[in-house]
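Taking it in order: structure first as structure tokens, then the write-up.
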Amino acid sequence: MLTKYALYLTSICSSDFSASFFLFLGIFLLSENIIFNILTNHEYIANMFENKDYIAVNVFDDSVRKRSLKRQWNQLSRFQKNLVVVIVFGGILLCGFLLYQRQLLKANSLDAFSSEHVKSMKTNVVDTDKIQIVPFKEDISSVRMIQNENQLPSADEWVQNAVDNNHDTKNSIDNPQDIINGDIESDKSEVKRDINNENEDTKTRGMSFKGPMNERQQAVVNAMRHSWTGYKTFAFGHDNLKPISQTYSDWFSLGLTIIDSLDTLYIMDMQEEYQEARKWVEESLKLDVNRDVNLFEVTIRVLGGLLSIYHLSGDEIYMTKALELGKRLMPSFDSTSGIPYSDVNLFSMQAHSPKWSPDSSTSEVTTIQLEFRDLSRISNDPTFENAITRVSEKVHELPKTDGLVPIFINANTGSFRSFSTISLGARGDSYYEYLLKQWLQVGKIPEHYFIEDYKEAINGVIKHLRRKTPNEHHVYVGELISGKDFKPKMDHLTCYLPGTLLLGHKNGMPQSHFTLANELLETCYQTYIKQATGLAPEITYFNLEGESATDIYVKANDAHNLQRPEFIESLYYFYVITGNKTYQDMGYKIFESFEKYTRVSHGYTSISNVKTPNNVRPKDMMETFWLGETLKYFYLLFSDDRNEIDLDKFIFNTEAHVIPVREN
């Protein structure tokens, strides 16, 4: 009989909790009259009707006499009363436990891994709950860093004829109709180079990669293949996969997922998938789409992706496509100030400010330089580099707050928006990143304004934006609202900064940069492990002056996770530069959380709530940077070969696409 009740109870608990409770009672009522009599006289129920002497309880027969529940309960022995309480509340607890287990299983089973995949996931798992970040600050400090303070190269004078300070960009741009009329074909012959005459430092084409070296890298390859398969099945040729609804969405209609994934597939040695992507680029990538696109997004994703795979593979088709795209983007620079407009139509080649504002984002206009400079250098056409140099020099000359810049700039006036927010998160982040990386790209020229502006900016961060929480002493970088009022808020985007700071320290930046890098890496890791899912929210707030019960907290509207790469990027730099494998363990713990909470049957999805493991609320969107950045950095982080991508020969753009470093 007890077994039968247990089976009833288990099936009942497949519904919601309240229904399960009442059905549980109903089973006992229908099964045993004694239990029915006892249950209906529960003290809690009796108290509910204390002011009503008689309650009608007619279950089987309308002739059942009305009874006083309270009187019959008082007539029971103490043993009977205790037995009733144990049975009822034991049943409630059991039902609740089974319901919780079912809900947890449901949340965890968005996709069932194959037994082979599960086996690979369990291999070499390290209990990173035991990882203590603070001691590793001391460990990292003891690692012998590659110091270049006294080894800065005496580079040849920079080629000034490629950088004309007073160059009129408008006059340098080809007639926009040339591309539409097909005259670009004549330009292609002009950019063919004699490969044998290139400098040794620029010979990067035709690189080969070994594929996964260990179980962790294989797990990442499995994730990449799962992502690609879902995209190929339901969204191939479109910008984004919606893996739950098994459809797609288009942003610019440029096959963004394919372009962003090309170099990732190549680095992972996924040849079959890579050939599928290459074939689409050659046969189906049309760059004359009649719609507005964002200059920054298309530059870092599409132009950067094409340049990266060109340098890795040596395939001329990518260079040809990159050159055409670059020409179609050039009208963005046709402004009175030289600060580019944010939007351009790739068909009509007309550019304009965003519809929602006359201003462009500062990070957007200052995070296109790596790509356009590289395009000039592979094509021997200085037009692209001239345009972005004009932008960099203009921003360099503008007044700043100890090197810190507002997040908005006007393309017509060439000035920052007054009283604009200063942030190293959204709309400001990659300005600082590209100061350092441009300096590396052009050969680390001593005292160049790239590196001088970068050093001034980091000093400004330490002076104005660095704070420490009062209790747990987490160091973070906040924001200045209206350029003056401090706000204890840090975007996940800001977690690129530890890696950038360490990369700068590797190339001669001072010890203060190294210290801040370690402090911020620890804080960024805490934003992950303090959440129940082990995944960081989009925005984290910090206790400033005791206004919060906890030093790190998340607001409801900021609890989503878009599978962003910034913290994994920083872990990658820390592992490659220091050799400390602890960063691999930290990364793998996060990778497992992505597997657990974002993997679905046909890909991976961003989620709405990192605070509730049993209800993450999938957003039904697989971002292109999941394949182009996050999985790529995971794969390189887990590599046995720290120089799989040599940081002395390559830099990563802000979309994790590789661009070669030049000697001059």
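The values are calculated or read from the model by the stated rules, or taken from the named source; none is laboratory data. Given the structure is predicted, the values throughout are model-derived calculations rather than measurements. Note: ideal-geometry Cβ built from the backbone for every residue, glycine included; neighbour counts use all protein chains shown. Keep in mind that these areas ignore ligands, DNA and RNA; they rest on the heavy atoms of the full protein, side chains included. Shrake-Rupley method; radii C 1.70, N 1.55, O 1.52, S 1.80 Å.
See the values below:
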| item | result |
| --- | --- |
| Nonlocal amide H pairs with residue 408, under 5 Å, H built at 1.01 Å | 362, 417 |
| Restraint check, 555/632; 463/555; 400/530, Cα-Cα greater than 32 Å | 400/530 |
| The stretch 421-569, accessible area per residue, ligands and nucleic acids excluded (1.4 Å, Å²) | 30 |
| For the stretch 424-487, the fraction of alpha-carbon pairs in successive 5 Å shells from zero, as % | 4, 15, 22, 21, 16, 12, 7, 3, 1 |
| Percent accessible area from carbon and sulfur atoms, the stretch 394-504, protein chains only, probe 1.4 Å | 47 |
| Peptides 271-284, 214-227, 343-356 ordered by average Cβ neighbours within 10 Å, highest first | 214-227, 343-356, 271-284 |
| For the stretch 320-382 and the stretch 593-627, distance of Cα centres in Å | 33 |
| The stretch 312-372: translational diffusion in µm²/s, Stokes-Einstein, Kirkwood Rh over Cα pairs, 4 °C, 1.567 mPa s | 101 |
| Of all accessible heavy-atom area on the stretch 546-664, the percent that carbon and sulfur account for (1.4 Å) | 39 |
| Orientation-averaged projected area, Cα convex hull of the stretch 373-429 (nm²) | 4.7 |
